[in-house]
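Novice: Structure in structure tokens, see below.
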Amino acid sequence: MAVRQVARMSPSILVVEDEPSLAQVLSENLVDEGYAVETVGDGNAALERWRSDPPDLIVLDVMLPSLDGFEMCRVRRAEGDLTPVIFLSARGQAGDRVTGLEAGADDYLTKPFHLPEFLLRVRALLKRTSATHDTLSFGGHVVDFRSWTARLASGAEVTLTEREVGILRLLAEREGEVVSRDEIMDRVWGGDTFPSTRTIDNFIVRLRRHFEPDSDSPTYIHTVWGVGYRFTR
């Protein structure tokens with residue numbers, strides 16, 4: 001079973017570890033650092049989770065039930081996924097490290113390890129990849145803020161407008177928080193144009209039509225009546 005702990009304004013990390021005590025320690029410390037964390041203990045389940053909604057980073061054990069970490073990483077790299085991966089493994093021989101890196105890992109840490117070093121590596125890898133990746137993944141959708149395009153879970157691709165991109169980026173940056181309509185006006189439209197609140201609501205409707213399985217019962221973009229909107233994933 002997957003366990004999700006959510007922290008405010010945070011990159012998402014998938015921890016794939018079948019040892020419950022270690023998974024809990026990693027998850028709790030990552031959440032304390034400000035990340036949104038989900039843990040999965042089975043290889044096949046983790047592969048499907050990775051495919052359906054790629055996180056910002058994956059912490060991946062090598063020895064797992066049903067599918068080992070090396071093979072999981074090989075499969076996703078062959079499918080074109082570039083999500084950064086840190087392997088965790090009790091297998092610390094040079095050959096094991098080479099195997100992990102050849103499978104597509106970005107880093108390899110041998111158990112047992114010091115938590116401060118692990119957290120430092122996570123932070124460094126996220127910082128490095130955030131400089132070259134400007135995307136948002138949720139619900140099987142992938143939004144590229146640079147090109148204003150989105151690949152939907154259905155496989156279709158849509159082009160977003162400048163305002164749609166601005167609103168979605170702002171809500172995602174403040175994930176889990178309520179963003180008021182006034183702040184949306186200030187951040188997305190700026191001081192030269194003053195849209196009505198109804199205009200903002202109409203853009204939200206358009207975003208829901210793109211991304212929500214049921215736009216009348218939103219999963220990701222929620223209305224907080226009388227205030228604004230909140231994004232969750």
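Novice: Could you tell me whether residue 123 is touching a residue at least 40 places away in the same chain (Cβ under 8 Å), closer than 17 Å to residue 57 by Cβ and assigned to a helix (DSSP H, G or I)?
Specialist: Yes, satisfied.
Novice: For residues that are crowded, with 17+ Cβ neighbours inside 10 Å and modelled with pLDDT under 90, tally how many sit in segment 149-160.
Specialist: Of the residues in segment 149-160, 0 are crowded, with 17+ Cβ neighbours inside 10 Å and modelled with pLDDT under 90.
Novice: Also, I was wondering about something else. Given the residues 123, 198, 151, which is the only one that is outside the structural domain of residue 55 (by TED's automatic domain parsing), out of contact with any helix residue (DSSP H, G or I) (no Cβ under 6 Å at 6 or more places or on another chain) and under 30 Å from residue 31 (Cβ atoms)?
Specialist: Numbers: 123 fails: outside the structural domain of residue 55 (by TED's automatic domain parsing); 198 fails: under 30 Å from residue 31 (Cβ atoms).
Being outside the structural domain of residue 55 (by TED's automatic domain parsing), out of contact with any helix residue (DSSP H, G or I) (no Cβ under 6 Å at 6 or more places or on another chain) and under 30 Å from residue 31 (Cβ atoms) holds for just one of 123, 198, 151, which is 151.
Novice: Within segment 213-232, is even one residue charged (D, E, K, R) and under 21 Å from the mean Cα position of the chain (by Cα)?
Specialist: yes
Novice: Among residues belonging to segment 179-198 that are β-branched (Val, Ile, Thr) and surrounded by 15 or more Cβ atoms within 10 Å (Cβ to Cβ), point out the one that is nearest to the chain's Cα centre (by Cα).
Specialist: 179
Novice: Taking segment 39-67 as the search range and keeping residues that are among the acidic types (Asp, Glu) and farther than 20 Å from residue 24 by Cα, which one is modelled with the lowest pLDDT?
Specialist: The selected residue is 53.
Novice: Please find, among 104, 95, 140, 100, the residue that is assigned by TED's automatic domain parsing to the domain that holds residue 31 and on the phi > 0 side of the Ramachandran plot.
Specialist: 104
Novice: For segment 1-118, which fully contained strands (runs of 3 or more DSSP E) count at least 1 residues that are exposed (fewer than 15 other Cβ atoms within 10 Å of the Cβ) and free of Cβ contacts under 8 Å to residues at least 24 places away in the same chain? Don't jump to the end; show me each part of the working.
Specialist: On the way: elements: 3-5, 12-16, 36-40, 57-61, 85-89, 107-110.
Ranges flagged: 107-110.
Novice: Same structure again: Does segment 37-54 contain any residue that is in contact with a Leu (Cβ under 8 Å, 6 or more places away or on another chain) and under 14 Å from residue 104 (Cα atoms)?
Specialist: Within segment 37-54, not a single residue is in contact with a Leu (Cβ under 8 Å, 6 or more places away or on another chain) and under 14 Å from residue 104 (Cα atoms).
Novice: Name the residue, out of 206, 146, 169, 163, that is more than 27 Å from residue 48 (Cβ to Cβ), at pLDDT below 90 and surrounded by 15 or more Cβ atoms within 10 Å (Cβ to Cβ). Quick ask: steps written out before the conclusion?
Specialist: Numbers: 206 fails: at pLDDT below 90; 146 fails: surrounded by 15 or more Cβ atoms within 10 Å (Cβ to Cβ); 163 fails: at pLDDT below 90.
Only one candidate qualifies: 169.
Novice: May I pose another question? Looking at 187, 233, which one is not β-branched (Val, Ile, Thr) and not in a loop (DSSP other than H, G, I, E, B)?
Specialist: On the way: 233 fails: not in a loop (DSSP other than H, G, I, E, B).
Criteria check complete, one pass: 187.
Novice: Then there's this: List pairs: first residue in segment 211-233 and not assigned by TED's automatic domain parsing to the domain that holds residue 184, second residue surrounded by fewer than 13 Cβ atoms within 10 Å (Cβ to Cβ) and of a type outside the set (A, V, I, L, M) anywhere in the structure, Cβ distance under 7 angstrom, at least six positions apart or on different chains.
Specialist: That search, which allows pairs on different chains as well, returns nothing.
The values are calculated or read from the model by the stated rules, or taken from the named source; none is laboratory data. A quick note: this is a predicted structure, and the numbers were derived from the prediction, not measured. We place every Cβ from the backbone using ideal geometry, glycine too, and count neighbours over all the protein chains shown.
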